[in-house]
Amino acid sequence: MTPSLALDHLWTAAAGDPAAPDAVTFSGDDPALPSVYRVGTLASATIAAQALAAAECLRVRTGVRQRIDVEMRRAAAAFRSERYLRVNAGPPPELRHPTMGFYETRDGRWIQLHTNFPHHLDGVLKVLGCDGTREAVAEAIRGWDGAMLDQTLADAGLCAALIRSPREWAALDQARAVANLPLFEITRIGDAPPEAPGRGDAVRPLSGTRVLDLSRIIAGPVAGRTLAQHGAQVLLINGPHLPNIAPLVIDNGRGKRSATLDLRDDAARDRLRALIRDTDVFQQAYRPGALAARGFAPETLAQLRPGIVCVSVSAYSHAGPWAQRRGFDSLVQSASGIAWTESRAAHSDAPKHLPCQALDHATGYLAAFGAMIALARRAQEGGSWHVRVSLAQTGRWLQSMGQIEHGWQAPDVTIDDVQDCLETVDSPFGRVRGTRPAERMSASPPYFARPPVEIGADAPCWED
C-alpha cells in the first residue's frame, strides 16, 4: 500500500470530497525506519489525513483551498517525536522503567511488562512476590506459565501482554471484536444547528476552537497537540493525583495550556461541566466507560453542549472482552502479533517492537483527523458528534498494509539525520528542541504558538 492509497482509504471512510486528496503530494518510500511493517506509509497517510481535514476546516470558514506536501522522512521523524526530544541540549530522555520489557516464562513463552507508573510496578511486584530489580523479576516470571501470568496480571488491572503470533491473536474473541469495527468511527449523537469550527477571524483552520484534552502519555496528547498546531486553544486537564512521564509532558504539551481537576471531587466535576458548555472538542483517553461513570458520557455532553465533538481514544477498543483491559502501544504490539512478526523477520530469539510508538502516534493523528472532520460536518449540517479510535484498530490497519521483505535491515535514523525536522523553543523546562509539524500547508502552515508548560500551570478556564 502506498501513502496515497492509504489516504484515499481514510478520506473515503470519512465520506470526504473525493477530489480533496488531489491537493496532497507525497514523497519518499518505505522502509523509512527499520521494520518489516510500512511504518512510513502509516505516518505519511495519517499526518496527511489530519492536514487535509484541517484544510477542509479552513475552506469551510473562508473558501480558501490549499496544497499539502508530506515527506515520508519528516513524517517518520514526527512519529518518533519523544525519541528526538532534547532539553537544554541534554541527553535523550529516559522514558522507561528498567523493569519494563520482555521476559521468558516457564513454558518457553514471552511476556511483556509495562511498569512505567509506580502503582503498576508495585502491583506487578506484589503478584510476582519479588523485589524491583530486573533480575528478581526475571527469576520470578520463570516460575509462571505465560498465559496464566498474562491473565492474572490483567485480572489485577495491571499492564502486561503475552507475546502472541498473528494467528494466535486472530483466534481470540478480542481480535474478532476489533475485526468487526471500522478503523475509526464518526457518529452523530445529537442535534444542533450548524456552527463554524471556531470563533472569530479564521486566521488559521481552528482559530477560536476550544479543545479540552483529558489524556496522558502519547496517543491522546498527540491528538491534542495536533489540534493546537492548527490554531485551536487546547486546555489539558489532568488529575493532580495521576502519574505522568515527564519527557512526554514536554513533548506533547507543546501548543497547550495545562490545568488540573480532581474528578473525584464534586466541585471539580462542576468546574469541568462549566468548561464543557463553552468547548468545541472534548477529547479523552480514559478506559471506555470510566468518564461516563463520572457523568461525562458523550451523549450527556451532547445535551450539556449541543454541537460538541467528543473524541474517545482507547487501547483495545470499546468492544470485546478486553475493552476494560489496560493497554499501551507496546502492549498492543505484543498482544496482536506485531512484536512476534518483527522478531521472526529479524531472526531474533526475543520479541522485537516497532522502531517507534507507531500505533500511538497514528491513533493520535486519526483522533485529530476525526475531530476536524466532525467540526467540518458540524459547520455544514449541524449536530453533535462522537469520534472513536483505538490502538488495536490502528494496529490491525498497519498489519493489513503488508510487509517489506528485509525491511528490518534499513538503517536507523539518528537525531543527527533529522536536524532539519526539529525546532527549538524556550519554555519553563529550559530550551526544548523537538520535532516540528511534518506537513507543509500552503495557506495555513502548522506551528505551535505556545511552549510546553508544567502540569497545572494554568487555571481551569478559557483564555477568551
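Rule-based calculations on the coordinates, nothing more; no lab input. Since the structure is predicted, the reported quantities are computational estimates derived from the model, not experimental observations. Backbone-built Cβ (ideal geometry, glycine too); neighbour counts: all protein chains shown.
If you find the alpha carbon centre of the range 357-392 and of the range 34-107, how far apart are they in angstrom?
16 Å
Can you tell me which of 409-418, 34-43 comes out highest on packing, and rank the rest after it, using the mean Cβ neighbours within 10 Å?
In descending order of packing, they fall as 34-43, 409-418.
Quick check: from the Cα gyration tensor, does the range 115-186 come out rounded (a/c under 1.5), prolate or oblate?
Prolate, because a/c is 1.5 or more and a/b exceeds b/c.
How tilted is helix 266-276 with respect to the longest principal axis of the chain? Cα atoms for both, answer in degrees (0 to 90, nearest 10).
The angle comes out at about 50 degrees.
On a 0 to 90 degree scale, rounded to 10, what angle separates helix 39-62 from the longest Cα axis of the chain?
Helix 39-62 and the main axis of the chain meet at about 20 degrees.
Within the range 172-213, report the trypsin sites (Lys or Arg not before Pro) that DSSP leaves as loop and that have at most 16 other Cβ atoms within 10 Å.
199
Would you work out if the range 171-252 is rounded, prolate or oblate? Take a ≥ b ≥ c from the square roots of the eigenvalues of the alpha-carbon gyration tensor; rounded if a/c is under 1.5, else prolate when a/b is larger than b/c, oblate otherwise.
Verdict is oblate for the range 171-252.
When a/c is below 1.5 the answer is rounded, else prolate if a/b is larger than b/c, else oblate, so apply that to the range 213-309 with a ≥ b ≥ c taken from the square roots of the Cα gyration tensor eigenvalues.
Oblate shape, in that a/c is at least 1.5 and b/c is the bigger or equal ratio.
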